[in-house]
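Student: This is the structure I have questions about; it appears just below.
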Amino acid sequence: MCVAVLAGLCTGLLVAYVKLPAFLVTLGMLMVLHGLASLLSGGMPLDAAPSPGFLWLGSGHVAGIPVPIMLALLAVLGLHFLLRYTVVGRRWFMVGTNFNAAVNAGLPARRSVLLAYVVAGLFCALAGAILTSRVGSGQPNLYPDLEFATIAVCAIGGIPLNGGRGSAVQVVCGALIIAMLNNAVVLLNLTSA
(Lines give C-alpha, C1' and ligand atoms only; values in the text may rest on other atoms or scores of the structure.)
Protein backbone atom coordinates (compact mmCIF):
# COMPACT_ATOMS: atom_id res chain seq x y z
CA MET A 1 0.00 0.00 0.00
CA CYS A 2 2.80 2.39 0.92
CA VAL A 3 4.63 1.80 -2.37
CA ALA A 4 1.45 2.47 -4.36
CA VAL A 5 0.74 5.65 -2.39
CA LEU A 6 4.36 6.75 -2.88
CA ALA A 7 4.06 6.09 -6.64
CA GLY A 8 0.84 8.11 -6.73
CA LEU A 9 2.52 10.89 -4.76
CA CYS A 10 5.53 11.01 -7.10
CA THR A 11 3.28 10.98 -10.17
CA GLY A 12 1.04 13.66 -8.69
CA LEU A 13 4.01 15.87 -7.85
CA LEU A 14 5.36 15.58 -11.39
CA VAL A 15 1.97 16.39 -12.93
CA ALA A 16 0.78 19.08 -10.50
CA TYR A 17 3.95 20.92 -9.61
CA VAL A 18 6.49 20.15 -12.34
CA LYS A 19 3.67 20.50 -14.92
CA LEU A 20 4.57 17.47 -17.03
CA PRO A 21 1.85 15.90 -19.22
CA ALA A 22 -0.28 13.56 -17.10
CA PHE A 23 -0.58 10.82 -19.71
CA LEU A 24 3.18 10.62 -20.27
CA VAL A 25 4.04 10.76 -16.57
CA THR A 26 1.55 8.00 -15.76
CA LEU A 27 2.87 5.69 -18.48
CA GLY A 28 6.45 6.57 -17.54
CA MET A 29 5.82 5.71 -13.89
CA LEU A 30 4.25 2.42 -15.00
CA MET A 31 7.37 1.54 -16.98
CA VAL A 32 9.68 2.52 -14.12
CA LEU A 33 7.75 0.49 -11.55
CA HIS A 34 7.37 -2.48 -13.88
CA GLY A 35 11.12 -2.46 -14.56
CA LEU A 36 11.85 -2.15 -10.84
CA ALA A 37 9.52 -5.05 -10.04
CA SER A 38 11.17 -7.21 -12.71
CA LEU A 39 14.63 -6.25 -11.42
CA LEU A 40 13.81 -6.97 -7.78
CA SER A 41 12.14 -10.30 -8.57
CA GLY A 42 14.63 -11.36 -11.23
CA GLY A 43 11.68 -11.59 -13.64
CA MET A 44 10.39 -14.61 -11.73
CA PRO A 45 7.10 -14.98 -9.83
CA LEU A 46 7.34 -14.56 -6.07
CA ASP A 47 5.12 -16.90 -4.07
CA ALA A 48 2.77 -15.20 -1.65
CA ALA A 49 3.06 -16.11 2.01
CA PRO A 50 0.82 -19.11 2.77
CA SER A 51 -1.61 -17.06 4.82
CA PRO A 52 -5.24 -18.23 4.76
CA GLY A 53 -6.39 -14.68 5.53
CA PHE A 54 -4.48 -13.20 2.60
CA LEU A 55 -5.56 -15.93 0.19
CA TRP A 56 -9.18 -15.43 1.33
CA LEU A 57 -8.98 -11.88 -0.03
CA GLY A 58 -8.77 -13.21 -3.59
CA SER A 59 -10.71 -16.47 -3.39
CA GLY A 60 -12.97 -16.30 -0.35
CA HIS A 61 -16.74 -16.02 -0.22
CA VAL A 62 -19.16 -14.20 2.06
CA ALA A 63 -22.77 -15.39 1.88
CA GLY A 64 -21.96 -17.04 -1.46
CA ILE A 65 -20.58 -13.84 -2.98
CA PRO A 66 -16.86 -13.84 -3.95
CA VAL A 67 -14.80 -11.44 -1.84
CA PRO A 68 -13.14 -9.76 -4.90
CA ILE A 69 -16.61 -8.92 -6.27
CA MET A 70 -17.66 -7.47 -2.91
CA LEU A 71 -14.46 -5.40 -2.66
CA ALA A 72 -14.87 -4.16 -6.23
CA LEU A 73 -18.47 -3.18 -5.51
CA LEU A 74 -17.42 -1.35 -2.34
CA ALA A 75 -14.63 0.43 -4.23
CA VAL A 76 -17.01 1.53 -7.01
CA LEU A 77 -19.61 2.73 -4.49
CA GLY A 78 -16.93 4.54 -2.49
CA LEU A 79 -15.55 6.23 -5.60
CA HIS A 80 -19.05 7.15 -6.77
CA PHE A 81 -19.79 8.74 -3.40
CA LEU A 82 -16.44 10.53 -3.36
CA LEU A 83 -16.90 11.96 -6.86
CA ARG A 84 -20.56 12.97 -6.59
CA TYR A 85 -21.13 13.98 -2.98
CA THR A 86 -17.91 15.46 -1.61
CA VAL A 87 -16.08 18.72 -2.09
CA VAL A 88 -12.95 16.81 -3.08
CA GLY A 89 -14.77 15.02 -5.89
CA ARG A 90 -16.33 18.19 -7.22
CA ARG A 91 -12.89 19.84 -7.21
CA TRP A 92 -11.46 16.95 -9.18
CA PHE A 93 -14.09 17.46 -11.86
CA MET A 94 -13.50 21.22 -11.94
CA VAL A 95 -9.73 20.86 -12.12
CA GLY A 96 -10.05 18.17 -14.80
CA THR A 97 -12.39 20.28 -16.88
CA ASN A 98 -10.30 23.45 -16.87
CA PHE A 99 -7.21 23.64 -14.67
CA ASN A 100 -6.58 27.36 -15.26
CA ALA A 101 -10.19 28.30 -14.49
CA ALA A 102 -9.99 26.28 -11.26
CA VAL A 103 -6.82 28.13 -10.27
CA ASN A 104 -8.40 31.50 -11.12
CA ALA A 105 -11.46 30.55 -9.06
CA GLY A 106 -9.22 30.10 -6.03
CA LEU A 107 -9.40 26.33 -5.79
CA PRO A 108 -6.33 24.47 -4.51
CA ALA A 109 -5.92 22.91 -7.96
CA ARG A 110 -2.40 21.54 -7.55
CA ARG A 111 -3.25 19.89 -4.22
CA SER A 112 -6.41 18.45 -5.77
CA VAL A 113 -4.41 16.87 -8.59
CA LEU A 114 -1.89 15.50 -6.10
CA LEU A 115 -4.64 14.01 -3.92
CA ALA A 116 -6.28 12.43 -6.99
CA TYR A 117 -3.06 10.59 -7.82
CA VAL A 118 -2.59 9.44 -4.21
CA VAL A 119 -6.15 8.09 -4.11
CA ALA A 120 -5.58 6.38 -7.47
CA GLY A 121 -2.49 4.78 -5.92
CA LEU A 122 -4.65 3.42 -3.10
CA PHE A 123 -7.10 1.90 -5.58
CA CYS A 124 -4.19 0.34 -7.49
CA ALA A 125 -2.84 -1.11 -4.24
CA LEU A 126 -6.21 -2.69 -3.47
CA ALA A 127 -6.41 -4.18 -6.97
CA GLY A 128 -2.83 -5.47 -6.71
CA ALA A 129 -3.50 -7.08 -3.32
CA ILE A 130 -6.60 -8.83 -4.66
CA LEU A 131 -4.79 -10.02 -7.79
CA THR A 132 -1.78 -11.26 -5.81
CA SER A 133 -4.08 -13.07 -3.41
CA ARG A 134 -6.10 -14.59 -6.24
CA VAL A 135 -3.06 -15.87 -8.13
CA GLY A 136 -1.15 -16.78 -4.96
CA SER A 137 2.01 -15.07 -6.14
CA GLY A 138 3.44 -11.76 -7.24
CA GLN A 139 4.12 -11.91 -10.96
CA PRO A 140 5.69 -8.88 -12.62
CA ASN A 141 4.65 -10.02 -16.12
CA LEU A 142 1.13 -11.31 -15.40
CA TYR A 143 -0.81 -8.81 -17.53
CA PRO A 144 1.61 -7.13 -19.94
CA ASP A 145 -1.15 -5.20 -21.76
CA LEU A 146 -3.17 -4.17 -18.71
CA GLU A 147 -2.48 -0.45 -19.18
CA PHE A 148 -3.94 -0.52 -22.69
CA ALA A 149 -6.95 -2.51 -21.51
CA THR A 150 -7.48 0.10 -18.79
CA ILE A 151 -7.40 2.93 -21.32
CA ALA A 152 -9.81 0.98 -23.55
CA VAL A 153 -12.21 0.41 -20.64
CA CYS A 154 -12.31 4.14 -19.91
CA ALA A 155 -12.68 5.10 -23.58
CA ILE A 156 -15.46 2.58 -24.18
CA GLY A 157 -17.15 3.75 -20.97
CA GLY A 158 -17.24 7.28 -22.40
CA ILE A 159 -14.59 8.92 -20.22
CA PRO A 160 -12.47 11.44 -22.14
CA LEU A 161 -8.70 11.09 -21.85
CA ASN A 162 -8.31 14.76 -20.97
CA GLY A 163 -10.54 14.34 -17.89
CA GLY A 164 -13.20 16.51 -16.35
CA ARG A 165 -16.11 14.13 -16.96
CA GLY A 166 -17.06 10.57 -16.17
CA SER A 167 -18.21 8.35 -13.35
CA ALA A 168 -17.40 5.09 -11.63
CA VAL A 169 -20.48 3.56 -13.25
CA GLN A 170 -19.12 4.39 -16.71
CA VAL A 171 -15.88 2.57 -15.86
CA VAL A 172 -17.85 -0.49 -14.75
CA CYS A 173 -19.86 -0.43 -17.99
CA GLY A 174 -16.67 -0.19 -20.05
CA ALA A 175 -15.12 -3.08 -18.09
CA LEU A 176 -18.21 -5.24 -18.63
CA ILE A 177 -18.16 -4.58 -22.38
CA ILE A 178 -14.46 -5.51 -22.61
CA ALA A 179 -15.07 -8.63 -20.49
CA MET A 180 -17.96 -9.69 -22.74
CA LEU A 181 -15.84 -9.16 -25.86
CA ASN A 182 -12.98 -11.21 -24.37
CA ASN A 183 -15.43 -13.94 -23.39
CA ALA A 184 -16.94 -13.97 -26.88
CA VAL A 185 -13.47 -14.35 -28.42
CA VAL A 186 -12.81 -17.37 -26.21
CA LEU A 187 -16.24 -18.94 -26.82
CA LEU A 188 -15.94 -18.49 -30.59
CA ASN A 189 -12.42 -19.95 -30.47
CA LEU A 190 -10.97 -16.98 -32.34
CA THR A 191 -7.23 -16.51 -32.51
CA SER A 192 -5.68 -13.27 -31.28
CA ALA A 193 -3.22 -13.05 -34.21
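The values are calculated or read from the model by the stated rules, or taken from the named source; none is laboratory data. Source: prediction; values computed, not measured. Virtual Cβ from ideal backbone geometry, glycine too; neighbours counted across all protein chains shown. Ligands, DNA and RNA are excluded from the accessible area calculation, which covers all protein heavy atoms including side chains. Shrake-Rupley method; radii C 1.70, N 1.55, O 1.52, S 1.80 Å.
Student: I'm trying to understand the selection: among the residues of the range 144-193, which are part of a loop (DSSP other than H, G, I, E, B) and more than 18 Å from L82 (Cβ to Cβ)?
Tutor: At the first step, the residues of the range 144-193 found to be part of a loop (DSSP other than H, G, I, E, B) are 144-145, 157-167, 188-193.
Of everything in the range 144-193, those that are part of a loop (DSSP other than H, G, I, E, B) and more than 18 Å from L82 (Cβ to Cβ) turn out to be P144, D145, G158, P160, L161, N162, L188, N189, L190, T191, S192, A193.
Student: Tally time: how many residues in the range 147-193 are closer than 20 Å to I69 by Cβ and either among the aromatic types (F, W, Y) or open to solvent by less than 90 Å² (accessible area, probe 1.4 Å) (or both)?
Tutor: Qualifying residue count, the range 147-193: 17.
Student: Okay, next question. Out of (1) open to solvent by 50 Å² or more (accessible area, probe 1.4 Å); (2) part of a helix (DSSP H, G or I), the odd one out for N141 is which?
Tutor: Just one mismatch for N141, condition (2).
Student: Quickly run through the range 1-60 and pick out the residues that are part of a loop (DSSP other than H, G, I, E, B) and open to solvent by less than 50 Å² (accessible area, probe 1.4 Å). Break it down into steps so the answer makes sense when it comes.
Tutor: Kept after step one, since they are part of a loop (DSSP other than H, G, I, E, B), are these residues of the range 1-60: 1, 17-21, 42-45, 48-51, 60.
Listed by number, the residues that qualify are G43, A48, S51, G60.
Student: Could you check, for the range 156-170, whether at least one of its residues is farther than 22 Å from R90 by Cα and touching a helix residue (DSSP H, G or I) at 6+ places or on another chain (Cβ under 8 Å)? Even if it seems obvious, please write down each step before you answer.
Tutor: Taking the range 156-170 first, the residues farther than 22 Å from R90 by Cα are 156.
Adding the requirement that they be touching a helix residue (DSSP H, G or I) at 6+ places or on another chain (Cβ under 8 Å) leaves 156.
Yes, some residue in the range 156-170 is farther than 22 Å from R90 by Cα and touching a helix residue (DSSP H, G or I) at 6+ places or on another chain (Cβ under 8 Å).
Student: Given (1) among the β-branched types (V, I, T); (2) open to solvent by 30 Å² or more (accessible area, probe 1.4 Å); (3) within 20 Å of the chain's Cα centre (by Cα), where does V113 come up short, assuming only one miss?
Tutor: Going through the list (1) among the β-branched types (V, I, T); (2) open to solvent by 30 Å² or more (accessible area, probe 1.4 Å); (3) within 20 Å of the chain's Cα centre (by Cα), V113 breaks only (2).
Student: Now for a separate question. Check whether at least one residue in the range 124-138 is assigned to a helix (DSSP H, G or I), touching a residue at least 24 places away in the same chain (Cβ under 8 Å) and open to solvent by 80 Å² or more (accessible area, probe 1.4 Å), and report yes or no.
Tutor: If we filter the range 124-138 for residues that are assigned to a helix (DSSP H, G or I), which is where we start, we get 124-135.
Subsequent filtering for residues that are touching a residue at least 24 places away in the same chain (Cβ under 8 Å) retains 124-126, 128-135.
If we keep only those that are open to solvent by 80 Å² or more (accessible area, probe 1.4 Å) too, we end up with 124, 134.
Yes, the range 124-138 contains at least one residue that is assigned to a helix (DSSP H, G or I), touching a residue at least 24 places away in the same chain (Cβ under 8 Å) and open to solvent by 80 Å² or more (accessible area, probe 1.4 Å).
Student: Next up: Considering only the range 1-53, how many residues are among the small types (G, A, S), out of contact with any Leu (no Cβ under 8 Å at 6 or more places or on another chain) and farther than 29 Å from S137 by Cβ?
Tutor: Filtering the range 1-53 down to residues among the small types (G, A, S) leaves 4, 7-8, 12, 16, 22, 28, 35, 37-38, 41-43, 48-49, 51, 53.
Narrowing the set further to residues that are out of contact with any Leu (no Cβ under 8 Å at 6 or more places or on another chain) leaves 22, 28, 35, 37-38, 41-43, 49, 51, 53.
The next check asks that each one be farther than 29 Å from S137 by Cβ; those that pass are 22.
Here the count works out to 1.
Student: Turning to a different aspect of this structure: Test each condition in (1) assigned to a loop (DSSP other than H, G, I, E, B); (2) in contact (Cβ under 8 Å) with a residue 40 or more places away in the chain for L79 and report the one that comes out false.
Tutor: That leaves (1) as the condition not met.
Student: Output the residues belonging to the range 62-79 that are open to solvent by 60 Å² or more (accessible area, probe 1.4 Å) and under 20 Å from the mean Cα position of the chain (by Cα).
Tutor: I69, M70, L73, L74, L77
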